[in-house]
Amino acid sequence: TSLMSKTWLAAYASASCAYSAAKTMKETGESTYGLCRPPGHHATRNMFGGYCYLNNAAIAAKYLTKSGSVMIIDFDYHHGNGTQSIFYDNPDVFYYSIHAHPAVEYPYFTGFEEEIGIDDGLHYNLNTPLEPMTSVQEYFRAFQIGLDKAFNILDPDFLVVSAGFDIEDKDPIGHFNFLQKDFNKLGQLFKNLKKKTVFLQEGGYFVKELGSNVSAFFDGVNS
């Protein structure tokens, strides 16, 4: 993970954006979107990774725990190993991730189904790994099953969503098959959860259509 002369300024600004989104959501009761770059979910407490430097979702979630229970939902193509590690032994935040199977995709060493948390955080971690090129229909089926499991354990006051748009059909490093209509459906799924939510940008590297995909997603959230 590269470090350049302005890396800290960029990472600090990104984390500040996530914090501000969480603060605004708590104060207004309205869901918010933090357009964060660089992303954050591969960063642990003491390690950079995957071009992540500060864990934006973890910072937002930690802030919100002062006011209620929190669940992080991560739909980035890659498993958020950093977020998982930060809360792995901690019941303050439930972490749920749906992602490409780590047996074949980055980060390779975390994101398996058997990883369910330890100590006080036991059963507060849930992973749904999927094979690359999984159909959109199967993705939604697996996602709903995972959400049902997660909400059966914790019905949170707040959601923090690590929104990775690298599940897009043409993304150069993601290999799921989402089109704009599918992002719209995904947004509707979050709308139906009826939770105060902070959405934070993670991956998404097909820049030509990234904005359109994000817009389609939020059209679904706000439909």
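The values are calculated or read from the model by the stated rules, or taken from the named source; none is laboratory data. Note that the coordinates shown come from a computational prediction; the quantities given were computed from them, not determined experimentally. Please note: Cβ atoms are built from the backbone with ideal geometry, for glycine as well, and neighbour counts cover all protein chains shown. Note: areas computed on protein heavy atoms with side chains; ligands, DNA, RNA excluded. Shrake-Rupley method; radii C 1.70, N 1.55, O 1.52, S 1.80 Å.
Quick look at the numbers
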| quantity | calculated |
| --- | --- |
| Test: residue in region 168-181 that is in a loop (DSSP other than H, G, I, E, B), open to solvent by 50 Å² or more (accessible area, probe 1.4 Å), touching a residue at least 60 places away in the same chain (Cβ under 8 Å) and more than 24 Å from Gly68 (Cα to Cα) | yes |
| Test: residue in region 172-195 that is among the acidic types (Asp, Glu), in contact with an Asp or Glu (Cβ under 9 Å, 6 or more places away or on another chain) and under 26 Å from Leu35 (Cα atoms) | yes |
| Any chance Tyr95 is within 15 Å of the chain's Cα centre (by Cα), open to solvent by less than 50 Å² (accessible area, probe 1.4 Å), among the hydroxyl-bearing types (Ser, Thr, Tyr) and closer than 23 Å to Ile153 by Cα | yes |
| Residue count for region 29-62, restricted to those that are within 20 Å of Leu159 (Cβ to Cβ), surrounded by fewer than 24 Cβ atoms within 10 Å (Cβ to Cβ) and touching a strand residue (DSSP E or B) at 6+ places or on another chain (Cβ under 9 Å) | 7 |
| Flag for Asn152 being free of Cβ contacts under 8 Å to residues at least 60 places away in the same chain and farther than 21 Å from Phe94 by Cα | no |
| Condition check for Leu189: under 17 Å from Phe75 (Cβ atoms), part of a helix (DSSP H, G or I) and of a type in the set (A, V, I, L, M, F, W, C) | yes |
| Qualifying positions in region 179-223 - in contact with a strand residue (DSSP E or B) (Cβ under 8 Å, 6 or more places away or on another chain) and hydroxyl-bearing (Ser, Thr, Tyr) | Thr197 |
| Selection within region 131-154 - closer than 23 Å to Phe178 by Cβ, touching a strand residue (DSSP E or B) at 6+ places or on another chain (Cβ under 9 Å) and not in a helix (DSSP H, G or I) | Glu131, Pro132, Thr134 |
| Checklist (1) outside any loop (DSSP other than H, G, I, E, B); (2) more than 24 Å from Tyr51 (Cβ to Cβ) applied to Thr128, failing item | (2) |
